[in-house]
């Protein structure tokens, strides 16, 4: 699990601009006409239309995509009653998750009122603003009254996620775990440890799926909840058992099939797990410390089917799998409520998704990910891009069928396509990069270990499970820097390439380099001197198998780095050069740009290599390359200068790769505007295809283009530079790179290194 420091958390929330969410205009506002349409006098017309037909509010305003995340701060995370204002960072965070996973706008509303009646009155008065209300971090039992009253009095979806989000995800997991265990829900004995809002809601949902009340034992801080206990709340009374032979958790769990923990850490012992029935199902959902650790549960019972609330173990019960998509589906049909039918639809959609093949970058391209339905995978991962289409669609259909929808959807394929386009491809790509790298972390050398950005990135990448970092530099200096930055270097290897104890490796690396470059005038002594330099030593570590990947670039000039890479690592067979690519994640999709860093003034032969490398790299990221080789002319309209060499490179590529979608030379606007290009040049090999890869005629145009796009649109995320064409996973960063940039490049380097290992293994077999 990623370790988060106080300093890093505060810097994250304060940096750039305070908070995590903002409001952005969705309509033009540059001219006086724009402003007159946006406000007075133009705004009067939609006001009058809404007055005539209230449902038109969904047509003319953001109500249909706007959710209120509302709390009074009485049960914030595990912090308890810390007050409404103190809970605001959590509500903003929930808003962030709504946006990035579901494309839903959020206003976080912190209500300074603990009285449930007055709280409801406040919410009811502001409800017309919103298309849905997500109640958050409200303590029990008040949360039950609040939700029920608001559901009764309002005509928009209301859901207390602490209750129902956990219930929906755990119910989906339970259905699948039971299938793996070959057990039936109506027959299993279930022990629920905890009797708060989440526990009550989970158990209710299990019952609606077929679990029998007489087979359920619920336990609170006082022990087993029995029907003869006085002063039970209505919620606890619902699951009070008539049994009198069990009083403690140890007694209740003996022979049980299922344990669901929504209580506190380390209260379920190995002996208790051993006493359970065959193929026991243990959902230890207390956070951050589960009721029993994953390791202890597996050790006690190798046949256990285990879930936790943690991301570092299989089968995580994570509410983000549910709430963005439940609200997405509800909003899209203008639902009046989130009812039981919609919740059950979400459960079944999530459960079904876990049984389907995993569609990630690794499975599709390099077969790194070996996840399949079974004991270690019966709940979808939060990064699964299909969640938004499958769960949202299921919820929307259930809303229509149960009669709470104001709007009907008939073309479900078009609806799913719209959902896919809503979030773009960038989030999927970045998440999949990190998730894939974390499956097979590699040894990564960070050249500039003493640079604060690189050190932070190395530690973060380690915490995310992406790599085993190796920092080059003086240990004393690096440790002082780490102390100043409040970074924990436990698990980080430090190598001082100039230290006496590295004399042996310097000599070995120098001998290899001298032999490799003997015909370029290298002597052993000269090569040995080079090994005091971080790039020579670090790349040699990769070349000799002492590491798997190398990251550099924060200090060193690219010209020098390129020279070192050619000498130490070498260019792949079949190529005369190597190149770099930047990935741009935009609202219009993902674009691959080359060559952004290496080849200043390429001729037609180098351009040919760049195009070939670009095609290979796009395949690497599980995309089908559609390549436009760009210039300032279109298809031979200029017969002088750079268009000529681009034209020649295109001809060669088309001859050698007849099935590859590549054409040019063409101007950028024709490359990116499919309709314009196809109408003007219907003969192109790109007819009807959306270009995703741009190969530029020189480094100046490629580098300038990606930087221009990055600076003009702050929402554009760039990944790179990504090296293409070297024999090993040597990757570069820019001197202005952020920590996130370096971590992203590290993820690419890790995947690159792992894929090379797979190839080497195949070649050796």
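The values are calculated or read from the model by the stated rules, or taken from the named source; none is laboratory data. None of these values were measured; they are calculated from a predicted model. A quick note on method: Cβ atoms are made from the backbone with ideal geometry, for glycine too, and the neighbour counts reach across all protein chains shown.
Is it the case, given these coordinates, that residue 618 is modelled with pLDDT under 90, under 30 Å from the mean Cα position of the chain (by Cα), under 24 Å from residue 734 (Cα atoms) and assigned to a helix (DSSP H, G or I)?
So residue 618 fits the description; yes.
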- Give the residue that is surrounded by the most Cβ atoms within 10 Å (Cβ to Cβ), with candidates limited to residues of segment 565-578 that are under 22 Å from residue 515 (Cβ atoms) and out of contact with any strand residue (DSSP E or B) (no Cβ under 9 Å at 6 or more places or on another chain). 567
- residue 136 farther than 25 Å from residue 259 by Cα and surrounded by fewer than 21 Cβ atoms within 10 Å (Cβ to Cβ): no
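Residue 82 - would you say it is in contact (Cβ under 8 Å) with a residue 24 or more places away in the chain and either surrounded by 18 or more Cβ atoms within 10 Å (Cβ to Cβ) or assigned by TED's automatic domain parsing to the domain that holds residue 22 (or both)?
So residue 82 does not fit the description; no.
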- Task: List the helices (runs of 4 or more DSSP H) that sit entirely inside segment 426-541 and contain at least 3 residues that are closer than 30 Å to residue 99 by Cβ.
- Result: 426-439, 452-463
- Message: Yes or no: segment 595-616 includes at least one residue that is within 26 Å of residue 492 (Cβ to Cβ) and crowded, with 24+ Cβ neighbours inside 10 Å.
- Response: no
- Note on the structure: Reported set for segment 227-248 where residues are farther than 18 Å from residue 260 by Cα, over 42 Å from the mean Cα position of the chain (by Cα) and surrounded by 10 or more Cβ atoms within 10 Å (Cβ to Cβ) is 227, 229, 232, 243, 244
- Task: Considering every residue within segment 668-686, establish whether at least one is over 30 Å from residue 731 (Cα atoms), under 31 Å from the mean Cα position of the chain (by Cα) and part of a loop (DSSP other than H, G, I, E, B).
- Result: yes
- Selected residue (only one of 692, 669 is in the same structural domain as residue 610 (by TED's automatic domain parsing) and within 20 Å of residue 617 (Cβ to Cβ)): 692
- Item | Single unsatisfied condition, residue 689 versus (1) assigned to a helix (DSSP H, G or I); (2) modelled with pLDDT of 90 or more | (1)
- Query: If residue 177 passes every condition in (1) crowded, with 24+ Cβ neighbours inside 10 Å; (2) touching a helix residue (DSSP H, G or I) at 6+ places or on another chain (Cβ under 9 Å); (3) not in a loop (DSSP other than H, G, I, E, B) but one, which one does it miss?
  - Reply: (2)
- helices (runs of 4 or more DSSP H) completely within segment 227-289 that count 2 or more residues being touching a helix residue (DSSP H, G or I) at 6+ places or on another chain (Cβ under 6 Å) and either farther than 13 Å from residue 217 by Cα or not assigned by TED's automatic domain parsing to the domain that holds residue 203 (or both): 270-274
- Output the number of the condition that residue 315 fails; it satisfies all remaining conditions of (1) within 18 Å of residue 206 (Cβ to Cβ); (2) out of contact with any strand residue (DSSP E or B) (no Cβ under 6 Å at 6 or more places or on another chain). (2)
